[in-house]
Amino acid sequence: MQAELNRRITIMKNLVNVLVIISFALLFTSSKPDKSYYNELYRPQFHFTPEKNWHNDPNGLVYYDGEYHMFYQYNPKGNEWGFIHWGHAVSTDLVHWEHLPIALYPDENSEDKEYCTAFSGSAIVDEKNILGKQEGEVKTLVAFYTSQHCGQRIAYSTDKGRTWEKFEGNPIIPYDKTDDARDPKVVWHDPSQSYVMVLYRKTSEDDKSKGISFYTSKNLTNWEYKSHVYGFYECPDLIPMQVTNRPEEIKWVLFDGDGSYLIGNFDGEKFTPETAKMPGDFGKNYYATQSWSNIPQEDGRILQIAWMRGGSFPDMPFNGQMTFPAELTLTKFNFGYKVTRKPVEEIALLHDKHYSWENEKLIPGINQNIVKKVKGDCLHITGEFDLKSCSNFGFYIRNSKKETGTELMYDVRRGTLSILGVSAPVAPVNNKISLEILIDRASIEVYVNGGQTVISNCFTPDEGAENLTLFCSGGEIIVDKLDIYKMNSAWNSDK
Ligand code: FRU
């Protein structure tokens, strides 16, 4: 009897030991976030970067079945440009991105870092199965890309972008040594029931002929040249936009690679500008803009993202970042039509601690820095400032006791907003300036007066300098309203 009891006790003890071991094992191997993931000194916390290596332009932006796809120019072999493939990520909210395997490989398996590599392009959903590749209910995604020195080409996916096939009839526009054609963006033109391709190219060997050529197609594979607009370079985009304050009016907006644009009309074959070319961004790092295709009607937004070309990321495993996705609108102001740009509202998904002020009068030399309690490397700031009698005001961003940080300053007499060596002309509205500022570990984007002016810049702030200062000089200013949110990381939710 006693022996049997002892045996049972031993079994129980062993069982408990096994359970304890299993629990410990689970504790240490389970989903504890790795705090070092996406946490390097200049690793953007809410801007897109690949885990490692070089990337440039966003490509193939398309929304399908609840997912925003973003492909991008990517070198899997290293941290410099070359051997370009299409990297791939998806998001359900434009904020959190899931990395997926490389989508497009070069068309020739070559050791040449440029030959037939997968240059920039766009993607659409083949709603009517025009390409004839659809399997079951899932629509085909069709990507149009430039195969460097090998013409304009098509790749398609029948499994929501997870795997890609090259179209057997490639190239759809053959390579032409003189025209340097690249970066096809395909859009639907409803009135003519045709697809339109805008393609960067030269019409002759003369560099002055650089511009955008327009092609049309009914079947996505046969493309007919129609017209050309001079004075553009790389990564074109063509977007029909409803005028926000005149909803019955639609204008077509033709974007250049640097985000500058012409507003005009498009009859399906020819673009007729009605404005001069306007800058889309005044910063140093805004390039290769592209808008998402197939955004559902009930959403209706025009969403744009760009590569922050020219940024520097010392000692980082990656070499580049995208801008934060933005919404574009077209408005008729008293001076004419203009595209405005604002960060997508989904940014609020990352809001952490909130600070806010209302109706605060700042008098130079008297007030303390009212934002002194805000400390951090990732902030979302929105504020409205009544200029009153001040001669300038602004922020010192990422400063410390030792370092002044980065100055963002509005100069009232000059009417300029300056930061990181660039200035943009900015006129107050009713003697007020409104600012929306996105500060991440390697970039500052400043949206002024409801997105009428935007300045996008990369920067390399000092490690540990995490203070913020609001200053004004020459006279008083009233802070009508100021909200500052610390930002959570989109990559490492444990931040
Ligand atoms: C723009 C660009 C495109 C080209 C791609 C190559 O940055 O030069 O014109 O398709 O990059 O990576």
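Among the numbered conditions (1) without any contact (Cβ under 8 Å) to a residue 40 or more places away in the chain; (2) in contact with a strand residue (DSSP E or B) (Cβ under 8 Å, 6 or more places away or on another chain), the only one that His69 does not meet is (1).
If you check Asn367 against the conditions, is it within 16 Å of the ligand (Cβ to nearest atom) and more than 23 Å from Asn245 (Cα to Cα)? When the stated conditions are applied, Asn367 does not pass them. Is at least one residue of region 270-280 β-branched (Val, Ile, Thr) and within 22 Å of the chain's Cα centre (by Cα)? The answer is no, given that none of the residues of region 270-280 is β-branched (Val, Ile, Thr) and within 22 Å of the chain's Cα centre (by Cα). Please find, within region 66-90, the residue that is nearest to the ligand (Cβ to nearest atom) out of those that are in contact with a His (Cβ under 8 Å, 6 or more places away or on another chain) and among the polar types (S, T, N, Q). Step by step, filter region 66-90, then rank; the result is Gln73.
Looking only at residues of region 126-149 that are open to solvent by 10 Å² or more (accessible area, probe 1.4 Å) and under 13 Å from Cys116 (Cα atoms), we find that the one that is nearest to the ligand (Cβ to nearest atom) is Gln148. For first residues located in region 159-176 and farther than 16 Å from Ala103 by Cβ, partners that are open to solvent by 60 Å² or more (accessible area, probe 1.4 Å) and lie 6+ apart or on another chain with Cβ distances below 9 Å form the pairs Ile172/Asn222; Ile173/Tyr225; Tyr175/His149. Looking at region 234-345, the strands (runs of 3 or more DSSP E) lying wholly inside it that each contain 2 or more residues that are in contact (Cβ under 8 Å) with a residue 60 or more places away in the chain and open to solvent by less than 40 Å² (accessible area, probe 1.4 Å) sit at 237-243, 246-255, 261-266, 287-291, 302-307, 326-333, 336-343.
When restricted to residues that are open to solvent by 40 Å² or more (accessible area, probe 1.4 Å), more than 15 Å from Asn219 (Cα to Cα), within 16 Å of the ligand (Cβ to nearest atom) and touching a Lys or Arg at 6+ places or on another chain (Cβ under 9 Å), region 164-198 contains 2.
Within region 476-495, the set of residues being surrounded by fewer than 17 Cβ atoms within 10 Å (Cβ to Cβ) and either over 27 Å from Pro364 (Cα atoms) or touching a Pro at 6+ places or on another chain (Cβ under 7 Å) (or both) comprises Asn492, Ser493, Asp494.
If you filter region 150-163 down to residues that are assigned to a loop (DSSP other than H, G, I, E, B) and either aromatic (Phe, Trp, Tyr) or away from the ligand (no atom under 16 Å from the Cβ) (or both), you find that the one that is surrounded by the most Cβ atoms within 10 Å (Cβ to Cβ) is Gly161. When region 43-63 is filtered for residues that are away from the ligand (no atom under 14 Å from the Cβ) and open to solvent by 30 Å² or more (accessible area, probe 1.4 Å), the ones remaining, listed by number, are Glu51, Lys52, Tyr63. Here's a check for you: in region 91-123, which residue that is in a strand (DSSP E or B) and open to solvent by less than 10 Å² (accessible area, probe 1.4 Å) is farthest from the ligand (Cβ to nearest atom)? Applying the filter and picking the extreme gives Ser91. Can we say Val371 is outside any strand (DSSP E or B) and of a type in the set (A, V, I, L, M)? For Val371, the condition - outside any strand (DSSP E or B) and of a type in the set (A, V, I, L, M) - is met. Per the listing Glu358, Glu327, the residue uniquely of a type in the set (Asp, Glu) and in the same structural domain as Asp440 (by TED's automatic domain parsing) is Glu358. Residues of region 193-233 being part of a loop (DSSP other than H, G, I, E, B) and within 25 Å of the chain's Cα centre (by Cα), which ones? Hits for region 193-233 are Gly231, Phe232, Tyr233. Is it the case, given these coordinates, that Thr404 is closer than 20 Å to Gly464 by Cβ and either in the same structural domain as Lys432 (by TED's automatic domain parsing) or without any contact (Cβ under 8 Å) to a residue 40 or more places away in the chain (or both)? In short, yes. Taken over region 217-228, the criterion of being touching a Lys or Arg at 6+ places or on another chain (Cβ under 9 Å) and open to solvent by less than 20 Å² (accessible area, probe 1.4 Å) is satisfied by Ser227 alone.
Of everything listed in (1) over 14 Å from Ile381 (Cβ atoms); (2) in contact (Cβ under 8 Å) with a residue 40 or more places away in the chain; (3) open to solvent by less than 20 Å² (accessible area, probe 1.4 Å), the single unmet condition for Gly450 is (3). Taken over region 112-153, the criterion of being of a type outside the set (Gly, Ala, Ser), in contact with a Pro (Cβ under 6 Å, 6 or more places away or on another chain) and closer than 19 Å to Gly82 by Cβ is satisfied by Cys116, Thr117.
The values are calculated or read from the model by the stated rules, or taken from the named source; none is laboratory data. Small disclaimer: the values here were computed from a predicted structure and weren't measured. Positions of Cβ are generated from backbone atoms using ideal geometry, with glycine treated the same way; all protein chains shown enter the neighbour counts. Remember, those area values only see protein heavy atoms, side chains included, never the ligands or the DNA or RNA. Shrake-Rupley method; radii C 1.70, N 1.55, O 1.52, S 1.80 Å.
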